[in-house]
Amino acid sequence: MKEKKKDDTQNTSGITRRELFKGAVTVGIAASAGTLALNLSKTDADAAEKKMLPTKWDETLDTVVVGSGFAGLAAAAEASKGGAKVVILEKMPVYGGNSVINGGEYNSWDDALHLRQKLNLGDDSVDLHTKDTIKGGDFYGDPELVKIFTEGATPALNWMMEEGGAKLRNILNRTGGHTAYRTHTCVEGVGRGYTEALRKIALGRGATLRLNTEVTWIWRADTSGPVLGIEVKEGGKKKNIRIRRALILASGGFSRDIKMRQDFNPSIVPEFNCTNHMGATGEMIRFAQAIGADALQLCFIQLYPFAEPVKGTLDAPAVYPFRGPGYGIVYVNKNGRRFVNELERRDVVSRAEIATGMKPTYSIFHEKMIPKMGTKEEVEKGMARGRFMQANSLAELAGKIGVPADALVDTIQKHNQYLRDKKDPEFNKPITDVMMVMDEGPYYGIAQWPAVHHTMGGLRINTQAQVIDIWGSVIPRLYAAGEVTGGIHGSNRLGGNAAPDAVVFGRVAGTNAAKEKI
Ligand SMILES: Cc1cc2nc3c(=O)[nH]c(=O)nc-3n(C[C@H](O)[C@H](O)[C@H](O)COP(=O)(O)OP(=O)(O)OC[C@H]3O[C@@H](n4cnc5c(N)ncnc54)[C@H](O)[C@@H]3O)c2cc1C
């Protein structure tokens with residue numbers, strides 16, 4: 001991507017009339033004053049036209065990262081290492097966004113412990129991970145960007161383990177849409193296992209974190225100049241922060257932004273539950289668009305097929321149906337019958353669930369699968385909360401979850417035979433040697449239903465994690481990483497791919513941001 005030489009003016013007095021005129025004309029705004037900010041906001045056109053660059057800054061910072069999830073923390077860590085003085089701004093009262101509540105699943109073809117080889121789970125490679133990811137997103141993902149995260153996934157995982165103290169469970173899963181066992185789980189079984197590691201590295205390298213600080217605007221004077229600063233709301237007050245080196249957007253997706261969801265994909269109706277934290281709203285995408293950033297594929301919004309059916313929570317039990325397919329878990333509808341190939345992608349499974357016309361559906365597994373998917377302790381906690389049902393026989397389990405007993409018994413017996421025959425005539429699931437026949441109790445069942453989960457679209461970036469404008473040029477000093485970006489996962493993100501994407505591109509953004517001259 002060609003980068004033009006930019007004026008790096010820190011305040012409005014340095015903006016020439018010619019530049020202002022150019023910016024105003026190009027974006028179609030009135031160049032009525034020397035302090036006009038570049039601003040394409042359309043929600044409040046009057047206010048938008050009057051949006052003026054600050055005449056004085058309340059504070060000056062070197063590098064600002066917006067968002068404290070995987071992408072933000074990784075970016076802060078690497079930018080700090082490169083010599084930048086980094087402040088992470090987080091609008092919520094707690095750090096971590098979706099990352100800290102995530103299911104702890106991280107896809108990588110290898111790891112420092114070489115779990116796949118140790119557990120004898122077949123072959124994998126960066127190439128295979130790349131191919132699965134591109135195919136799993138219906139070839140809408142940019143292969144160059146995909147390759148960056150699939151290649152970077154293993155080094156980033158090892159980095160979190162070696163420098164941050166992250167620890168992995170001694171399991172590896174093959175999950176929907178993947179052709180290999182590459183889904184790693186941290187010991188905590190929740191994303192905190194990685195965010196704590198990243199936080200430790202980032203803060204240890206000198207980055208600081210400010211909670212309850214919401215970014216409410218990005219300042220840029222014209223269509224060719226750099227980002228100049230941001231407006232934030234802190235303690236109920238607005239203030240303007242000048243940014244000398246770089247602004248990194250790591251503000252996550254917009255699954256909680258019902259209007260934005262509706263604007264781009266009306267099929268994701270407001271009635272759907274949502275798995276995300278409440279701060280997963282898309283304002284930073286809109287602010288970036290208002291200063292010329294391009295966004296793509298915003299209509300691609302993912303449903304998680306295994307959320308808790310009443311509220312849509314993605315708690316520890318809700319991850320078992322995701323981890324289970326590689327070991328022989330079976331999904332059944334309310335008639336006790338299979339309705340899909342369990343190794344299918346999330347979009348396919350979600351659609352198949354909805355097509356049953358009967359809420360909810362269930363995952364069925366047995367005792368021997370538990371150590372392959374999680375821990376006995378997690379299952380017991382889930383049972384105490386009524387999330388998992390347990391029974392000594394399949395017929396008893398059927399009674400507990402409310403499906404016909406003869407049908408459930410028949411379904412599992414047939415599935416057992418498919419595993420023995422290594423052929424699934426019903427749904428053509430690829431059978432592997434480690435899938436388990438369910439012939440001995442206790443048996444378990446868990447109810448599941450789709451909920452809005454991930455937004456695949458977002459800001460357009462290049463391989464350096466620089467944000468690209470609507471004309472195809474780099475917006476100087478503006479970077480983005482993680483779920484706020486688009487064009488990587490295509491139409492459907494494979495489970496476990498968001499964490500490596502966010503960490504790897506966070507690292508890329510931070511490393512490059514630190515190289516910006518001030
Ligand atoms: C429940 C759940 C489970 C998941 N499990 C997995 C999994 O196991 N494996 C996997 O790969 N993926 C999983 N995902 C997806 C994955 O966790 C996310 O895609 C990933 O965490 C996004 O990281 P991020 O750093 O881009 O954004 P986030 O972690 O969401 O962080 C963005 C942060 O930016 C803040 N922010 C937003 N706007 C502003 C603003 N204007 N000013 C200041 N701060 C702002 C937000 O409050 C938030 O804290 C899961 C998602 C959910 C919701």
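From the list Ala451, Ala498, Ala465, Ala480, exactly one residue is in contact (Cβ under 8 Å) with a residue 12 or more places away in the chain, crowded, with 24+ Cβ neighbours inside 10 Å and in contact with a helix residue (DSSP H, G or I) (Cβ under 6 Å, 6 or more places away or on another chain). Which is it? Testing whether each residue is in contact (Cβ under 8 Å) with a residue 12 or more places away in the chain, crowded, with 24+ Cβ neighbours inside 10 Å and in contact with a helix residue (DSSP H, G or I) (Cβ under 6 Å, 6 or more places away or on another chain) leaves just Ala465. No other residue among Gly487, Gly495 is closer than 28 Å to Leu303 by Cα, away from the ligand (no atom under 13 Å from the Cβ) and not in a helix (DSSP H, G or I) apart from Gly487. Scanning region 261-278 for residues that are assigned to a loop (DSSP other than H, G, I, E, B), hydrophobic (A, V, I, L, M, F, W, C) and either touching a strand residue (DSSP E or B) at 6+ places or on another chain (Cβ under 6 Å) or more than 16 Å from the ligand (Cβ to nearest atom) (or both) yields Ile268, Val269, Phe272. If you check Leu343, Leu408 for being of a type in the set (A, V, I, L, M) and in a loop (DSSP other than H, G, I, E, B), only one passes: Leu343.
The residues listed here are Leu303, Leu298, Leu314; of these, the one that is outside any loop (DSSP other than H, G, I, E, B), within 17 Å of the chain's Cα centre (by Cα) and within 16 Å of the ligand (Cβ to nearest atom) is Leu303. If you check Gly326, Gly282, Gly292, Gly336 for being of a type outside the set (S, T, N, Q), under 30 Å from Ala79 (Cβ atoms), crowded, with 22+ Cβ neighbours inside 10 Å and away from the ligand (no atom under 12 Å from the Cβ), only one passes: Gly292.
Residue-wise test of (1) at positive phi; (2) surrounded by 19 or more Cβ atoms within 10 Å (Cβ to Cβ); (3) not aromatic (Phe, Trp, Tyr).
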residue: Arg346; (1), (2), (3): no, yes, yes
residue: Gly357; (1), (2), (3): yes, no, yes
residue: Thr361; (1), (2), (3): no, yes, yes
residue: Ile364; (1), (2), (3): no, yes, yes
residue: Lys368; (1), (2), (3): no, no, yes
residue: Lys372; (1), (2), (3): no, yes, yes
residue: Gly386; (1), (2), (3): yes, no, yes
residue: Ala398; (1), (2), (3): no, yes, yes
residue: Pro404; (1), (2), (3): no, no, yes
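For first residues located in region 297-321 and within 18 Å of Met456 (Cα to Cα), partners that are within 13 Å of the ligand (Cβ to nearest atom) and basic (Lys, Arg) and lie 6+ apart or on another chain with Cβ distances below 8 Å form the pairs Gln302/Arg346; Gln302/Arg493; Leu303/Arg346; Tyr304/Arg346; Pro305/Arg346.
No lab work stands behind these numbers, since they all come straight from the coordinates. Just so it is clear, the model here is predicted, and its values are computed rather than measured. As a convention, Cβ positions derive from the backbone with ideal geometry for all residues, glycine included, and neighbour counts pool all protein chains shown.
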